[in-house]
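The values are calculated or read from the model by the stated rules, or taken from the named source; none is laboratory data. No experiment lies behind these values; they were computed from the predicted model shown. Glycine gets a Cβ as well: all are built from the backbone with ideal geometry, and neighbour counts include every protein chain shown.
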Amino acid sequence: MNSGLDNVIQFFEKNKKIIITTHESPDADGIGAEIALKELLDSLGTKSFVVNGDPTPDKLCFLDVNSVINIASDFSLPDDISDYSVVVLDTNNFVNTGAAYTLLSAHVNEIFIIDHHEGGEDYIDTHFVMVEASSASEIVFFIMDHYRHDFTRNAAQALYTGLLFDTGGFKYKKTTPRTHLAVAKLLSTGIKPFEIHERIFDINELSAFLLKSKILSTVEVYLDGKMILMHLTPEMLKETGADFSQGETNINLPLSVAEVQVSVLLKQDVEGPLKVSMRTKGDLDVSGIAISNGGGGHKNAAGFKSQLSRDDAKKYVVRQIEELYHYK
């Protein structure tokens with residue numbers, strides 16, 4: 001049996017009151033994994049809540065059919081909060097859950113990590129970290145399948161959406177036969193993949209389109225055309241009325257250019273911290289840059305928060321990526 005699976009089974013046997021959370025600015029993978037895991041815990045007779053630091057993006061609200069997701073700013077701690085433990089999904093650092101960490105960290109009993117990002121190797125022996133998995137949703141599927149859980153369409157839709165999103169439509173390198181076997185079982189519940197794909201990748205609001213145009217207008221080219229850097233600012237969000245989450249996905253656009261191997265997006269939500277997101281093609285591994293700055297991610301997709309000014313952060317990340325190419 002997988003050691004991570006052993007760990008999570010023991011955790012579930014020991015803890016009958018659990019709060020589920022994911023990283024701040026939750027995405028389809030974190031949210032999908034949360035909703036499905038909540039369903040599993042309900043079936044096991046475990047009392048559970050889902051509490052996130054940030055609201056669910058409008059585009060993903062269709063996943064929360066039963067309105068199980070609470071937001072930390074509006075969540076009242078139960079009187080027996082000290083009896084609860086926490087499952088952290090899709091990040092290997094509880095701190096990365098933002099306001100959820102602030103709310104819960106001083107009160108809860110135990111923390112358990114379920115994650116697939118590089119940088120979590122220290123947790124492999126005691127938690128469930130599977131860096132070869134495509135997504136947290138794939139790991140949660142694996143857990144639910146072990147329990148022979150009868151997937152509802154709600155859980156299947158949530159996990160399929162997480163898999164679809166975190167594999168970029170099943171095109172990233174961590175997409176494996178195991179991923180597609182999970183997809184086959186999820187599709188057997190009757191969910192409609194074309195509708196989910198349309199919601200995630202094809203349908204956008206006018207505000208998101210206008211935001212994309214503003215982000216693309218900031219393109220800066222480095223490394224003889226191998227790297228493109230762009231900006232997403234609070235001012236852009238105010239001018240267009242778009243959500244921060246609608247701008248984040250634009251980081252992938254430069255990678256459609258044949259010569260481009262690195263895309264960087266310096267992004268900042270209204271009143272939020274400056275974040276550096278990096279995407280790469282091929283063997284260029286940016287996870288080390290992210291991890292060394294307190295962030296995390298994958299070889300080809302990673303990021304971190306920066307305390308620097310926007311201009312200094314730009315200079316820093318350009319210099320770091322130049323060093324990967326051995327530029328002087």
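Filter the range 69-112 for residues that are among the charged types (D, E, K, R) and without any contact (Cβ under 8 Å) to a residue 24 or more places away in the chain; which is nearest to Lys275 (Cα to Cα)? Taking the candidates together, the pick is Asp74. Does the range 109-117 include one or more residues that are at pLDDT 95 or above, touching a Phe, Trp or Tyr at 6+ places or on another chain (Cβ under 7 Å) and within 20 Å of Ile200 (Cα to Cα)? The answer is no, given that none of the residues of the range 109-117 is at pLDDT 95 or above, touching a Phe, Trp or Tyr at 6+ places or on another chain (Cβ under 7 Å) and within 20 Å of Ile200 (Cα to Cα). Remark: pairs (first residue in the range 151-168, assigned by TED's automatic domain parsing to the domain that holds Ala182; second residue polar (S, T, N, Q) and in a helix (DSSP H, G or I); Cβ separation under 7 Å; 6+ apart in sequence or on different chains) = Leu159/Ser137; Gly162/Ser137; Leu163/Ser137; Leu163/Thr179; Asp166/Ser137; Thr167/Thr179.
Out of all the residues in the range 237-254, is one or more of a type in the set (D, E, K, R), surrounded by fewer than 22 Cβ atoms within 10 Å (Cβ to Cβ) and in contact (Cβ under 8 Å) with a residue 40 or more places away in the chain? Yes, some residue in the range 237-254 is of a type in the set (D, E, K, R), surrounded by fewer than 22 Cβ atoms within 10 Å (Cβ to Cβ) and in contact (Cβ under 8 Å) with a residue 40 or more places away in the chain. Of the residues Ile200, Ile196, only one is of a type in the set (A, V, I, L, M, F, W, C), in contact with a Gly (Cβ under 9 Å, 6 or more places away or on another chain) and either in a helix (DSSP H, G or I) or surrounded by fewer than 19 Cβ atoms within 10 Å (Cβ to Cβ) (or both); which? The conditions single out Ile200. Checking each residue in the range 214-236 for being out of contact with any strand residue (DSSP E or B) (no Cβ under 8 Å at 6 or more places or on another chain) and surrounded by fewer than 17 Cβ atoms within 10 Å (Cβ to Cβ) picks out Ser217, Asp224, Gly225, Glu235. Among the residues of the range 1-50, the ones that are hydroxyl-bearing (Ser, Thr, Tyr) and either in contact with a Cys (Cβ under 6 Å, 6 or more places away or on another chain) or farther than 18 Å from Ser67 by Cβ (or both) come to 4 in all.
Exactly one residue out of Leu37, Leu60 is among the aliphatic types (A, V, I, L, M), over 19 Å from Gln246 (Cβ atoms) and in contact (Cβ under 8 Å) with a residue 24 or more places away in the chain, and it is Leu37. Quickly run through the range 122-151 and pick out the residues that are surrounded by 16 or more Cβ atoms within 10 Å (Cβ to Cβ) and either assigned to a helix (DSSP H, G or I) or of a type in the set (Ser, Thr, Tyr) (or both). Tyr123, Ser134, Ser135, Ala136, Ser137, Glu138, Ile139, Val140, Phe141, Phe142, Ile143, Met144 - these are the residues of the range 122-151 that are surrounded by 16 or more Cβ atoms within 10 Å (Cβ to Cβ) and either assigned to a helix (DSSP H, G or I) or of a type in the set (Ser, Thr, Tyr) (or both). The set of residues in the range 228-275 being of a type in the set (Gly, Ala, Ser) and in a strand (DSSP E or B) consists of Ser263 alone. When you scan the range 276-285, do you find a residue that is in contact with a Phe, Trp or Tyr (Cβ under 7 Å, 6 or more places away or on another chain) and either crowded, with 21+ Cβ neighbours inside 10 Å or not in a strand (DSSP E or B) (or both), even just one? Yes, the range 276-285 contains at least one residue that is in contact with a Phe, Trp or Tyr (Cβ under 7 Å, 6 or more places away or on another chain) and either crowded, with 21+ Cβ neighbours inside 10 Å or not in a strand (DSSP E or B) (or both). In the set (1) over 20 Å from Asp27 (Cα atoms); (2) surrounded by 21 or more Cβ atoms within 10 Å (Cβ to Cβ), Ser263 fails one condition alone, (1).
For the range 172-180, the condition holds for at least one residue, the condition being that it is touching a residue at least 24 places away in the same chain (Cβ under 8 Å) and in a helix (DSSP H, G or I). Of the residues making up the range 302-328, those that are touching a residue at least 60 places away in the same chain (Cβ under 8 Å), surrounded by fewer than 21 Cβ atoms within 10 Å (Cβ to Cβ) and either not in a helix (DSSP H, G or I) or not basic (Lys, Arg) (or both) are Val318, Glu322, Tyr325, Tyr327.
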